[in-house]
Amino acid sequence: MSTGFLVVMITVGGPEEARRIADALIDQRMAACVNIVPQVSSVFRWEGEIEDENESLLVVKTRADLFPQLEAVVKGLHSYEVPEIIALPIVLGSEDYIEWLGRETEGE
């Protein structure tokens, strides 16, 4: 069962970049809510080397049909060459919350 909504996870270079992207997504109604986790430790392989970086994590709640636009907004503001922008479907959720999420991501 699908609700038509997503949780999108985006890692960024730090809290300031996280806030700038979160503000843009909320302002443009691309997201109903963005949680900012100020610091996560990320270990990954980049260009043949293992990296260990402190990053911030955005947890974005949005409609599935808005993902292409959301991705474009994030890429336009993001400092990374290849930003992590991954989405997971919201399979189930509180009916009240899902209704709110839909209202907040509708056009004005």
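Sites listed here are GluC sites (Glu not before Pro) in segment 54-86 whose DSSP assignment is loop and whose Cβ has at most 13 other Cβ atoms within 10 Å: E81.
Rounded to the nearest 20, the size of the Cβ-charge dipole of the chain about its Cα centre is 260 debye, with Lys and Arg at +1 and Asp and Glu at -1. Here the chain yields Rg over Rh of 1.00, to two decimals, using C-alpha coordinates and the Kirkwood radius. When shorter helices are ignored and each DSSP H run of at least 4 residues is given -39500 (n - 2.57), the per-residue value for the chain at 222 nm works out to -9500 deg cm²/dmol. Across the chain, Cα pairs under 8 Å and at least six residues apart give a relative contact order of 43 percent. Of all the options G93, G48, G14, the one that moves most in a Gaussian network model of the chain with Cα springs shorter than 10 angstrom is G48. Specify which residue in the list F44, V73, L92 is farthest towards the positive end of the charge dipole of the chain, using unit charges on the beta carbon of Lys, Arg (+1) and Asp, Glu (-1), about the Cα centre. Positive-most Cα among the choices belongs to L92. Accessible surface computed residue by residue for the chain, with neighbouring protein chains in place and a 1.4 Å probe, gives 60 Å² per residue.
Here the accessible area is traced with a 1.4 Å probe on the protein chains. For the chain, carbon and sulfur cover 52 percent of it. Taking θ as phi - 60° and the Karplus parameters 6.51, -1.76 and 1.60, the scalar couplings of segment 31-44 work out to 9, 8, 8, 10, 8, 10, 9, x, 9, 10, 9, 10, 10, 7 Hz in sequence order, x denoting glycine and proline.
The values are calculated or read from the model by the stated rules, or taken from the named source; none is laboratory data. The structure displayed is predicted, hence computed values, not measured ones. Cβ: placed from backbone, ideal geometry, glycine included. Neighbour counts: every protein chain shown. Keep in mind that these areas ignore ligands, DNA and RNA; they rest on the heavy atoms of the full protein, side chains included. Shrake-Rupley method; radii C 1.70, N 1.55, O 1.52, S 1.80 Å.
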